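Asks: Questions regarding the structure given below will be posed in turn.
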Amino acid sequence: MKRKYRFGIVGPGMIAEFHAQAIHAMPNAELVGACGRSIDKTRTFCEEFNCEPYTDLAELLEQELDFLTIATPSGSHLEPVFAAAKAGVNVIVEKPLEVTLERVDTMLEECRAAGVRQFGILPRRFNESTALLKHAIDEGHFGKIALGDAYVKWWRSQEYYDSGNWRGTWAQDGGGALMNQSIHAIDLLLYLMGPVKAVCAFTELVAHERIEVEDVAVAILEFENGAHGVIQGSTACYSDSGHPAQIQICGDGGSVFMIDNVFTVWEFRDGFLPEEISRLRNPQKGKARGATDPRSIKFDLHQKNFEEAIDSVENNRTSFIEDIEGRHAIALIQAIYESAMKKGQRIEID
């Protein structure tokens with residue numbers, strides 16, 4: 001019988017609930033404890049998820065953990081990652097890894113130096129539709145790719161931003177509709193299309209008050225492979241059911257439009273049509289995960305992230321969600337912010 005991998009969570013807030021559900025769903029994992037600043041909040045969380053409460057992270061890290069998942073506000077990831085690295089515990093870090101590239105790189109360097117593994121949570125990479133689309137790209141069915149776009153037209157109420165004093169701040173959120181809500185779609189676009197060479201962008205605060213960051217962003221991309229593209233990210237697009245995040249990729253050999261985990265368009269000149277497409281093809285949008293309510297997501301993709309982390313450690317292999325992988329989207333988003341601050345100036349990305 002395989003051993004169970006021991007998990008701890010730091011930051012017992014909303015997103016930590018999905019971490020805990022994912023851990024409980026895995027037969028080879030157990031949730032040992034959670035750590036938070038408020039003992040009452042932490043106890044309530046631990047009572048619900050049957051683990052031990054801690055207010056001292058050092059004490060939690062002494063419990064022979066294999067992994068610590070980081071679910072604190074985005075600008076508070078660095079310190080617990082440092083503590084875990086010092087204790088020799090692998091980390092799985094919520095999106096974004098941190099709010100600046102400097103802090104991300106410091107985290108990566110610390111984990112490498114300590115010999116621990118750092119994984120990001122990159123959930124859209126685990127959708128079945130993603131695997132099919134990436135295969136079509138890698139096998140050349142698109143021919144010469146012309147366009148690669150990501151659209152995240154979501155809604156967040158003013159109450160959402162008012163619910164935590166860290167929300168909508170540069171220091172703790174690292175940005176707005178791009179860094180917080182659109183980052184998974186942006187990561188997926190980069191995973192499929194490859195690196196971006198340059199960007200021109202504009203951002204604006206349109207529909208919310210008392211926040212420092214954008215709720216609307218538009219960027220024009222130039223990819224290193226010669227294709228171009230657009231990113232639209234917003235939390236100012238009201239909808240009762242929510243607009244699903246969408247990826248569109250077009251070339252002279254084919255076009256695919258993907259919303260969440262289904263396809264509304266799958267057309268190739270060479271007739272490429274895997275049998276799975278009939279099950280994943282849906283010309284009508286369904287209710288979008290997380291588009292209007294961040295609690296409406298499911299824990300299944302977190303579970304796949306955690307299972308991938310465990311498997312890569314168990315089999316001593318490199319993972320497609322570890323180390324620098326979580327950095328790419330942050331680098332692009334920061335370049336978009338830089339371009340927007342310079343009124344749409346073209347920014348080269350190294």
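What follows draws every value from the coordinates through simple rules; no lab data is involved. Fair warning: this is a prediction, and the values are worked out from it, not measured in the lab. Cβ sites come from the backbone with ideal geometry, for glycine too, and all protein chains shown count toward neighbours.
Asks: Among the listed pairs Lys144/Lys342; Lys41/Lys298; Lys86/Lys298; Lys134/Lys343; Lys95/Lys342; Lys134/Lys197, which are separated by more than 24 Å between their Cα atoms?
Replies: Lys144/Lys342; Lys86/Lys298; Lys134/Lys343; Lys95/Lys342
Asks: May I pose another question? Magnitude of the Cβ-charge dipole of the chain, K/R +1 and D/E -1, about the Cα centre, nearest 20 debye?
Replies: In total the dipole reaches around 540 debye.
Asks: In addition: For the stretch 246-350, which GluC sites (Glu not before Pro) are in a loop by DSSP, counting at most 13 other Cβ atoms within 10 Å? Working shown, then result.
Replies: Values: sites: Glu267, Glu275, Glu276, Glu307, Glu308, Glu314, Glu322, Glu325, Glu338, Glu348; in loops: Glu275, Glu276.
When the GluC sites (Glu not before Pro) of the stretch 246-350 are filtered for loop state and at most 13 Cβ neighbours within 10 Å, Glu275, Glu276 remain.
Asks: GluC sites (Glu not before Pro) within the stretch 19-119: which are DSSP loop residues with at most 14 other Cβ atoms inside 10 Å?
Replies: Glu62, Glu64
Asks: Turning to a different aspect of this structure: Suppose we take every Cα in the stretch 186-274 and form the convex hull; what volume per residue is that in Å³?
Replies: Each residue corresponds to 121 Å³ of Cα convex hull volume.
Asks: Of Arg112, Arg156, how do they rank once you tally other Cβ atoms within 10 Å and put the fewest first?
Replies: If I rank by nearby Cβ atoms, fewest first, I get Arg112, Arg156.
Asks: Direction-averaged shadow area of the convex hull around the Cα atoms of the stretch 27-147, nm²?
Replies: 10.5 nm²
Asks: Using a Debye calculation, one point per C-alpha and no hydration shell, please list log10 I(q)/I(0) for the stretch 126-259 at q = 0.17 Å⁻¹ in order.
Replies: After summing over all Cα pairs, the log10 values are -0.89.
Asks: Rounded to whole Å and ordered largest first, report the semi-axes of the equivalent ellipsoid of the stretch 1-75 derived from its Cα gyration tensor (root of 5λ).
Replies: So the equivalent ellipsoid measures 19, 13, 11 Å along its semi-axes.
Asks: Just Leu205, Leu68, Leu332 to compare: in a GNM of the chain, with alpha carbon springs under 10 Å, which one fluctuates most?
Replies: Of Leu205, Leu68, Leu332, the Gaussian network model singles out Leu205 as fluctuating most.
Asks: What does the charge count around Ser319 come to, taking other residues whose C-beta lies under 13 Å from its C-beta (Lys +1, Arg +1, Asp -1, Glu -1)?
Replies: Its environment carries a net charge of -3.
Asks: Please report, in cubic angstrom per residue, the volume enclosed by the convex hull of the alpha-carbon atoms of the chain.
Replies: Roughly 137 Å³ of hull volume per residue.
Asks: Still on this structure: Can you find, among Ile70, Phe257, Ile220, the residue farthest towards the positive end of the dipole of the chain? Put +1 on the C-beta of Lys and Arg, -1 on that of Asp and Glu.
Replies: Checking the options against the dipole of the chain, the answer is Phe257.
Asks: Would you mind ranking Lys304, Lys343 by Cβ crowding within 10 Å, fewest neighbours first?
Replies: So the residues, fewest neighbours to most, are Lys343, Lys304.
Asks: Which loop-located GluC sites (Glu not before Pro) does the stretch 189-238 contain, where loop means any DSSP state but H, G, I, E or B and the Cβ has at most 15 other Cβ atoms within 10 Å? Display every interim value, and only then the final one.
Replies: Working: sites: Glu204, Glu209, Glu212, Glu214, Glu222, Glu224; in loops: Glu209, Glu212, Glu214, Glu224.
The qualifying sites are Glu209, Glu212, Glu224.
Asks: Can you list, bin by bin at 10 Å, the percent of alpha carbon pairs in the stretch 147-202, starting at 0?
Replies: Binned Cα distances yield the sequence 19, 46, 26, 9.
Asks: Next question, about the same structure. For the chain, what is the calculated [θ] at 222 nm in deg cm²/dmol (nearest 500), taking -39500 (n - 2.57) for each run of four or more DSSP H residues and dividing by its residue count?
Replies: The per-residue figure over the chain is -9500 deg cm²/dmol.
Asks: Fewest to most neighbouring Cβ within 10 Å: what's the order for Ser278, Ser255? It would help to have the intermediate numbers written out before the result.
Replies: Details: Ser278 9, Ser255 17.
Ordered from fewest to most neighbouring Cβ atoms within 10 Å, Ser278, Ser255 come out as Ser278, Ser255.
Asks: Over the chain, what is the relative contact order in percent, taking alpha-carbon pairs closer than 8 angstrom and at least six residues apart?
Replies: Contact order relative to length: 18 percent.
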